[in-house]
Amino acid sequence: MKESKAMFDLEKHNTFKMKVKAKNGLFINTAEDLNKVDTDKYLILGSGSDVLFVDDYEGTVLINAIKSLEIKHEGNFYKVRAGGGILLDSLISELVDNGAYGLENLSAVPGTVGAAPVQNVGAYGVEVGDYIESVEFFDLRTKESGRLLKKDCLFTYRHSIFKEDIAKSWFITYVNFSLPDTFTPNFTYKGIEGEGLFSAKAVRDKIIALRSAKLPDPKFVGNAGSFFKNPIVNKETVDAIKAQYQDAPVYPFENGLYKLAAGWLIDKAGCRGITKDNAGTWEHQALVLVNRGGAKPSEIIALGKYICAKVKEKFAVDLYPEVRLIGKDGEVFWQDL
Ligand code: EPU
């Protein structure tokens, strides 16, 4: 375990490229390293692709760098135990090469394996929770290891138990997946079906191409993917929007509710491709807020608030961030900013 200097630079550890610092930073290379963590003020971080630091963080950042990987073939399934610090896309690439299928629709989703279950990462009709068998963690408060079976992870849209208070001290060490050894394409998401997609590799390549056409590459443009969640609304709200725009994208959700496309709402509210100070929205996908270069956290927040106001004014719908917001003492809430 490597201890860094007093002020730990976070610029390379957040894909929004905010120039922020933490008091300290530790790379966790093995689960055993976690026994040595002796502070109560910590933030667990993967590759920083789903956070907006709104300030310097006055504690220790624990960076998940557990990278071991075991793949076993049992019956018709591959049982995979993947270290939380592995990049999700590297894992998917390896799985597709090995004939372990199911996660290919999540190709090119940024972030680590350990972060994936936290917000139940999803794209193109697949959520990571669909293929998780269990999640292993180390509780930094009790110093004990634990494991949750899928049913106890409470996976829903962009949510799981790992986002709740009970899990605040849980560091995800390994994720166990169960993946079929036969390829069955999942084309439930409109737009990915098509000629020639007979293999997981072909689906993976298509999704990588789709994502790179729509989404900015954080290597070049600071961003954290979708900034807001797709809002869940009732039928009256849907009817009011459909009365204005018959073609509004609406997806049935659970319990008689509906999911709207936040990117579409932002676009129709006139906010696609806009720039305010050094913050902007992506030209090809309005749901992605971008750092146009040297943006401060306050500029991203101001743009986000402006978008929320515009969407509320036009559609009477509230948007809430999908990214986690981190202030000087830890997670903060949009309503309080
Ligand atoms: N749309 C517009 N204008 C825009 C953006 C979108 O009209 O500027 C329309 C699209 O044409 C489409 C609909 O809105 O009809 C939905 O857009 P898209 O298919 O791009 O998907 P999304 O709902 O905006 C979600 C996830 C993405 C994921 C894609 C594909 C959320 C918050 N976002 O986006 O996840 O890649 O579906 O499955 O659920 C992420 O979480 O960071 C992320 C990128």
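The values are calculated or read from the model by the stated rules, or taken from the named source; none is laboratory data. Remember, it's a predicted structure, so these values are computed and weren't measured experimentally. When we count neighbours, we look across all protein chains shown, and the Cβ atoms used for this are built from the backbone with ideal geometry, even at glycine. Remember, those area values only see protein heavy atoms, side chains included, never the ligands or the DNA or RNA. Shrake-Rupley method; radii C 1.70, N 1.55, O 1.52, S 1.80 Å.
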Checklist entry - If residue 60 passes every condition in (1) outside the structural domain of residue 147 (by TED's automatic domain parsing); (2) within 22 Å of residue 223 (Cα to Cα); (3) open to solvent by less than 40 Å² (accessible area, probe 1.4 Å) but one, which one does it miss? => result (2)
Checklist entry - Which of (1) touching a residue at least 40 places away in the same chain (Cβ under 8 Å); (2) open to solvent by 40 Å² or more (accessible area, probe 1.4 Å) does residue 304 not meet, given it meets every other one? => result (2)
Checklist entry - Among the residues of region 297-315, which ones are out of contact with any strand residue (DSSP E or B) (no Cβ under 6 Å at 6 or more places or on another chain) and among the aliphatic types (A, V, I, L, M)? => result 301, 302, 307, 309, 311
Next on the checklist: Give all pairs with beta carbons closer than 8 Å in which a residue from region 133-162 that is aliphatic (A, V, I, L, M) meets a residue that is open to solvent by less than 20 Å² (accessible area, probe 1.4 Å) and in a loop (DSSP other than H, G, I, E, B); count only pairs at least 6 apart in sequence or on separate chains.
Outcome noted: 135/117; 140/37; 140/169; 154/160
Checklist entry - Which ones in region 95-108 are buried (at least 23 other Cβ atoms within 10 Å of the Cβ) and either among the polar types (S, T, N, Q) or within 14 Å of the ligand (Cβ to nearest atom) (or both)? => result 103, 104, 105, 106, 107
Item to check | Of the criteria (1) within 14 Å of the ligand (Cβ to nearest atom); (2) closer than 25 Å to residue 13 by Cα; (3) surrounded by 21 or more Cβ atoms within 10 Å (Cβ to Cβ), which one residue 122 fails | outcome: (3)
Checklist entry - Which residue out of 196, 256, 293 is open to solvent by less than 70 Å² (accessible area, probe 1.4 Å), touching a Lys or Arg at 6+ places or on another chain (Cβ under 8 Å) and more than 8 Å from the ligand (Cβ to nearest atom)? => result 256
Item to check | Residue ID - farthest from the ligand (Cβ to nearest atom), chosen from residues in region 206-224 that are of a type in the set (D, E, K, R) and touching a residue at least 12 places away in the same chain (Cβ under 8 Å) | outcome: 206
Item to check | Search result, residues across region 228-237 that are open to solvent by less than 40 Å² (accessible area, probe 1.4 Å) and near the ligand (Cβ under 8 Å from one of its atoms) | outcome: 228, 230
Checklist entry - Does residue 182 satisfy the criteria of being farther than 24 Å from residue 49 by Cβ, in contact (Cβ under 8 Å) with a residue 40 or more places away in the chain, more than 15 Å from the chain's Cα centre (by Cα) and assigned to a loop (DSSP other than H, G, I, E, B)? => result yes
Item to check | Verdict on residue 40 being over 25 Å from residue 205 (Cα atoms), modelled with pLDDT under 95, touching a Lys or Arg at 6+ places or on another chain (Cβ under 9 Å) and in a loop (DSSP other than H, G, I, E, B) | outcome: yes
Next on the checklist: Among (1) open to solvent by 70 Å² or more (accessible area, probe 1.4 Å); (2) away from the ligand (no atom under 12 Å from the Cβ), there is one condition residue 280 misses while meeting the rest; what is its number?
Outcome noted: (1)
Item to check | Among the residues listed as 132, 66, 92, the single one being open to solvent by less than 50 Å² (accessible area, probe 1.4 Å), closer than 30 Å to residue 190 by Cα and away from the ligand (no atom under 16 Å from the Cβ) | outcome: 132
Checklist entry - Are any residues in region 307-333 crowded, with 17+ Cβ neighbours inside 10 Å and part of a helix (DSSP H, G or I), and if so, which ones? => result 307, 308, 310, 311, 315
